[in-house]
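Take a look at the structure below.
The values are calculated or read from the model by the stated rules, or taken from the named source; none is laboratory data. These numbers were taken from a predicted model, which means no experiment stands behind them. Note that we place each Cβ from the backbone using ideal geometry, even for glycine, and neighbour counts take in every protein chain shown.
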Amino acid sequence: MNFLGYVRPDGSAGIRNYVLVIPGGFLAAKICDIVEGTRSILTADSGSGRTSRDRETIARTLIGLGRNPNVASVIVHNLNTGIGYPELKPERIAGEIARSGKQVELIDAAEEGGNFGALEKGVQLAREMTYEASKLRREPCDLSLLSVGVKCGHSDTTSGIAGNPVVGNLFDRIVAGGGTAFFGETTEIIGAEQFLAKRAINKGVAQRILEAATEIETIAKSTGEDIRTVNPVPSNIAGGISSLEEKSLGAIHKSGSAPIQGVLKYGERPPGKGLYFVDNWMSMASIFAGYAASGAQLVMFQLGGGGVRGENLLYPTTAVVAPLMWTTANPKTLAMASTAVDFYSGTVIEGTETIEEAGERLLQTVLDIASGTVTRVENIRHVNPTQIYLRDPCF
């Protein structure tokens, strides 16, 4: 089973063909305003005041985005408040990305006479890079070259009954085809972590899954809050979910049934193919960029219905270089957001499809998007801020 992708020097395959400008800020934003086909990250997380662990996370995210298969070439500049830290030196970021075989260019504002000189240089580089990228043609690529990340949200009864199980069936198909799939949201496995641990490939991976859940619950309690009393949130309760355990048991269905190969940090690249649990946060402002940094070419939001209004789905992506597709099993959500939802799995509840049949249909939809069809929100020209998932206090 194939999709049509852009083959990269390292053997990966992109489903999109961007030039990435990093880190964010004035220079990157203006280059992207001027040159079509470019992308950049919009974030306040520059590294200043952060711990070395968090700066390393920022660096890992930037490097991972640069290495994402959807990126043809990269421009790295040094106009950033946190750039003086060793973890975030432009030379380091550029060098790590260049290991993938892509063209990577460095811009030093001092050598170019300041901001506007650097902008002129950046625009020239970006125009040439996008021109060269436009010469690439899509080729048949095996399913084994596809990586997908998922989150669920606004969960309700339809999520656990159909929406998440259908995504899980998709994940099983991708993994069986030799591809890679990411799921996470550590707060959304509490109460169900033992079930996930049983699917780990070994005791070490199982232990890491259990530790991730224990750590996040311990951190919550240290604030004086019990996460099991503040989650599920009011919209989940309105959607028919009564406890965190019930919510988690429905949420983990999106991971399918394949063995879990490992536990990854936010933005960490997997050591091989298969299914991976990512220790991340549930916010869509952060989760998708982490998946893209890990290598996902496509990210998915499996949507319930609690508290959803149609206009809320006019939301492109925070994955920077990976398009976002929306799925739902809730007919009311579909009716409210028919111009934003890419896939409807409520057919399982309605009795017109099995989970397996809907999973096959979802796979075909994903392969279609991977081959060039835009998602329903991808053609909205808007950049949402990305909140990189950082774990330590800011000093």
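Is it fair to say residue 205 is under 20 Å from residue 280 (Cβ atoms) and part of a helix (DSSP H, G or I)?
Yes.
How many residues are surrounded by 12 or more Cβ atoms within 10 Å (Cβ to Cβ) and either more than 15 Å from residue 282 (Cα to Cα) or of a type outside the set (Ser, Thr, Tyr) (or both) if we restrict to segment 381-395?
The qualifying residues number 8.
Checking residue 37 against (1) of a type outside the set (Phe, Trp, Tyr); (2) at pLDDT below 95; (3) at positive phi, which test does it fail?
Checking residue 37 against (1) of a type outside the set (Phe, Trp, Tyr); (2) at pLDDT below 95; (3) at positive phi, the one that fails is (2).
Only one residue in 136, 62 is under 27 Å from residue 8 (Cα atoms) and surrounded by 15 or more Cβ atoms within 10 Å (Cβ to Cβ), so which one is that?
62
Among 378, 353, 357, which is the only one that is out of contact with any Phe, Trp or Tyr (no Cβ under 7 Å at 6 or more places or on another chain) and either on the phi > 0 side of the Ramachandran plot or outside any loop (DSSP other than H, G, I, E, B) (or both)?
Unique residue meeting the criteria: 357.
Look at residue 380 and say whether it is closer than 27 Å to residue 7 by Cα and outside the structural domain of residue 216 (by TED's automatic domain parsing).
For residue 380, the condition - closer than 27 Å to residue 7 by Cα and outside the structural domain of residue 216 (by TED's automatic domain parsing) - is met.
For segment 199-215, indicate whether the set of residues that are acidic (Asp, Glu) and buried (at least 21 other Cβ atoms within 10 Å of the Cβ) is non-empty.
no
State whether the residues of segment 305-323 include one that is of a type in the set (Gly, Ala, Ser), part of a helix (DSSP H, G or I), closer than 21 Å to residue 156 by Cβ and in contact with a helix residue (DSSP H, G or I) (Cβ under 9 Å, 6 or more places away or on another chain).
Yes, the conditions are met somewhere in segment 305-323.
So which of 79, 125, 42 ends up being farther than 25 Å from residue 266 by Cα and not charged (D, E, K, R)?
It is 125.
Select, from 214, 158, 218, the only residue that is at pLDDT 90 or above and either in contact with a strand residue (DSSP E or B) (Cβ under 9 Å, 6 or more places away or on another chain) or of a type in the set (D, E, K, R) (or both).
Exactly one of 214, 158, 218 is at pLDDT 90 or above and either in contact with a strand residue (DSSP E or B) (Cβ under 9 Å, 6 or more places away or on another chain) or of a type in the set (D, E, K, R) (or both), namely 158.
Scanning for something loosely packed, with under 15 Cβ neighbours inside 10 Å and within 26 Å of residue 145 (Cβ to Cβ), does segment 317-330 turn up at least one residue?
Within segment 317-330, none of the residues are loosely packed, with under 15 Cβ neighbours inside 10 Å and within 26 Å of residue 145 (Cβ to Cβ).
Given the options 96, 120, 91, 105, name the one that is over 24 Å from the mean Cα position of the chain (by Cα), under 30 Å from residue 372 (Cα atoms) and at pLDDT 95 or above.
105
Filter segment 9-48 for residues that are acidic (Asp, Glu) and either surrounded by fewer than 22 Cβ atoms within 10 Å (Cβ to Cβ) or touching a Ser or Thr at 6+ places or on another chain (Cβ under 7 Å) (or both) and give the result.
Once the filter is applied, which keeps residues that are acidic (Asp, Glu) and either surrounded by fewer than 22 Cβ atoms within 10 Å (Cβ to Cβ) or touching a Ser or Thr at 6+ places or on another chain (Cβ under 7 Å) (or both), segment 9-48 yields 10, 33, 36.
Can you name the residue in segment 254-288 that is on the phi > 0 side of the Ramachandran plot and in contact with a Gly (Cβ under 6 Å, 6 or more places away or on another chain) and, of all such residues, is surrounded by the most Cβ atoms within 10 Å (Cβ to Cβ)?
Of everything passing the filter in segment 254-288, 267 is surrounded by the most Cβ atoms within 10 Å (Cβ to Cβ).
The rows are residues; the columns are (1) free of Cβ contacts under 8 Å to residues at least 40 places away in the same chain; (2) under 23 Å from residue 391 (Cα atoms).
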| site | (1), (2) |
| --- | --- |
| 22 | no, yes |
| 25 | no, yes |
| 30 | no, no |
| 33 | yes, no |
| 47 | no, yes |
| 54 | no, yes |
| 62 | no, yes |
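Enumerate the pairs (first residue in segment 192-219 and free of Cβ contacts under 8 Å to residues at least 24 places away in the same chain; second residue anywhere and part of a strand (DSSP E or B) and surrounded by 13 or more Cβ atoms within 10 Å (Cβ to Cβ)) with beta-carbon separation below 8 Å, excluding pairs fewer than 6 apart on the same chain, so at least 6 apart or on different chains.
Hits for this filter: 206/200.
Kindly list the number of the only condition in (1) crowded, with 21+ Cβ neighbours inside 10 Å; (2) of a type in the set (S, T, N, Q); (3) farther than 23 Å from residue 296 by Cα that fails for residue 51.
That leaves (1) as the condition not met.
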